[in-house]
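All remarks here apply to the structure that follows.
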Amino acid sequence: MVTAADHGRIQGDTTAKTWVVIYSDFQCPYCKQWHEETYETFLKEYVRNGKVKVAYVNYPLNQHQKAIISAQAAMCASAQNKFWQYHDALFNSQSVWETMPEPRPVLDSLAKSVGVDIASWGSCVDSKKMLPMILADRDRLAQAGVQSTPTFLIGDAILAGAQTIDAMRPVLDSAIRKNSGAAR
């Protein structure tokens, strides 16, 4: 189940030579901003046409009280190959669940809306089966010096913050050229 969840947070053409790794926190307002302002254009221009493949790595920040539970919910959806649908639903509803003392009813509703098997998903969330992977993601990133979310690893370049597509394009295009062997 954990292996399926790990694979489920990758999208794009498996033959794409360029990786984009997104270090993110579902409760982060800047991650939500990037999701709202840039993500769809990024998908359209780079992921759906096979130029890059993208992976989401959890970096739940300590100041975000609901970051861990939302990451667990997303990774449990990922075990059913519904990570990206749940990812979108989390960011789209962040203003609702982030202020709730107990966000589980909203997380349950999101799971239903993306079509996961609710019993299996709920059992996964309740068991905290994904927690070791989430904490390992966070610890690895902290040790690597990542200090904020979102942070993007594009090829060998790092961009921090809620980047616009205009700011990302030169870095993305350069990484794609470099990985295809077509130097400038």
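The values are calculated or read from the model by the stated rules, or taken from the named source; none is laboratory data. Since the model is a prediction, treat every value here as computed from it, not as a measurement. Quick reminder, even Gly has a Cβ in these numbers, built from the backbone with ideal geometry, and neighbours come from all protein chains shown. Heads up: the accessible areas ignore ligands, DNA and RNA and are worked out on the full protein's heavy atoms, side chains in. Shrake-Rupley method; radii C 1.70, N 1.55, O 1.52, S 1.80 Å.
Below are the figures for this structure:
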item: Elements of type helices (runs of 4 or more DSSP H) contained in region 106-184, each with 3 or more residues being out of contact with any Cys (no Cβ under 8 Å at 6 or more places or on another chain) and open to solvent by less than 60 Å² (accessible area, probe 1.4 Å); result: 131-143, 165-180
item: Matching option when the condition is of a type in the set (Lys, Arg) and more than 22 Å from ASP173 (Cβ to Cβ), among LYS17, LYS53, LYS66; result: LYS66
item: Whichever residue in region 15-44 is among the polar types (S, T, N, Q) and farther than 18 Å from SER95 by Cα and, among such residues, is nearest to the chain's Cα centre (by Cα); result: THR38
item: Matching residues, region 6-40, being open to solvent by 50 Å² or more (accessible area, probe 1.4 Å), part of a helix (DSSP H, G or I) and either at pLDDT 95 or above or in contact with a Leu (Cβ under 7 Å, 6 or more places away or on another chain) (or both); result: PRO29, TYR30, GLN33, GLU36, GLU37, GLU40
item: Residue match in region 58-72 (condition: open to solvent by 50 Å² or more (accessible area, probe 1.4 Å), touching a residue at least 40 places away in the same chain (Cβ under 8 Å) and not hydroxyl-bearing (Ser, Thr, Tyr)); result: no
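Every residue, every condition in (1) touching a residue at least 60 places away in the same chain (Cβ under 8 Å); (2) basic (Lys, Arg), yes or no:
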residue: TRP97; (1), (2): no, no
residue: SER109; (1), (2): no, no
residue: LEU131; (1), (2): yes, no
residue: ARG138; (1), (2): yes, yes
residue: ASP156; (1), (2): no, no
residue: SER174; (1), (2): no, no
